[in-house]
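Quick note: the coordinates plus some simple rules give every number you see, no bench work behind them. Quantities reported herein were computed from a predicted structural model and do not represent experimental measurements. Here the Cβ positions follow ideal geometry from the backbone for every residue, glycine too, while neighbour counts run over all protein chains shown.
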Amino acid sequence: MKRFGLTGYPLEHSFSPSIFREIFKTGHSGDCSYELFPLESVYQIKELAEGSDDICGLQVTIPFKETVIPFLDELHESAKEAGAVNTIKIIRSGGKIFLKGYNTDTWGFEHSTNAFDNFTHALILGTGGAAKAVAAVLRKRKLEFLMVSRNPAKEGEIGYDDLDRFINGKFKWIINATPAGMYPNTGDYPAIPYHLLTHNHFLYDLIYNPEETVFLSRGKMAGANTMNGLRMLHLQAEKSWEIWITE
């Protein structure tokens, strides 16, 4: 039996096990399983990999996408470009274990939408690992973007209080890369000026559970186009599986 799984904390919101069950069925991989490994400390990830000979790959979610990097032996170019890791391939050879980090969030995000053809400027809500993956894709596609932070401290970051003039201007694509609104805290939402949204805006939420967050529902009420992160989730999972079995 080859075991794969998701690590981070918390994990009860995740659809990944059901997605991988379908991937295993399609690929006739009856000897594979996908499990949730809730860990409260990033230090436990390497212990998990080293402690079970049958674990061949892990996906990484919040809050470990950035902090796991020092514990890995090598980074694929996708992880270097994003500055974050969401997929680890576990290689065992000669009694030693080798951990290589990838980022498949970038693949999932880039191939989930055609918004790159419709917008030139974007706002990314958040500055964590998911936000950095989105930023890597926007940079690659040569879109101008700003990252929105509660505590802006770097060039290219703005605060939520500064959003009015940007939403009123060229920045019509707004991407939520924060956990605000994710199950079980479904009543939460990013503090953007929803009253300024129009039918020219597009709200993309990386969250997929719930299917429609408050962020998306308020955008829809204002006439904006909306999309959740479910397609991105499927695509990044398929890319992770490809890495685990071929690279």
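Miscellaneous remarks
- Sequence-distant contacts, meaning Cα pairs under 8 Å at least 6 residues apart, place the relative contact order of the chain at 16 percent.
- Residues LYS2 and LYS142, FRET efficiency given R0 of 51 Å [Cβ-Cβ distance, rounded to 0.05]: 0.80
- Using just its DSSP H runs of length 4 or more, each adding -39500 (n - 2.57), the chain gives a mean residue ellipticity at 222 nm of -8500 deg cm²/dmol after division by all residues.
- Relative to one another, the C-alpha centroids of region 27-73 and region 80-138 are positioned 16 Å apart.
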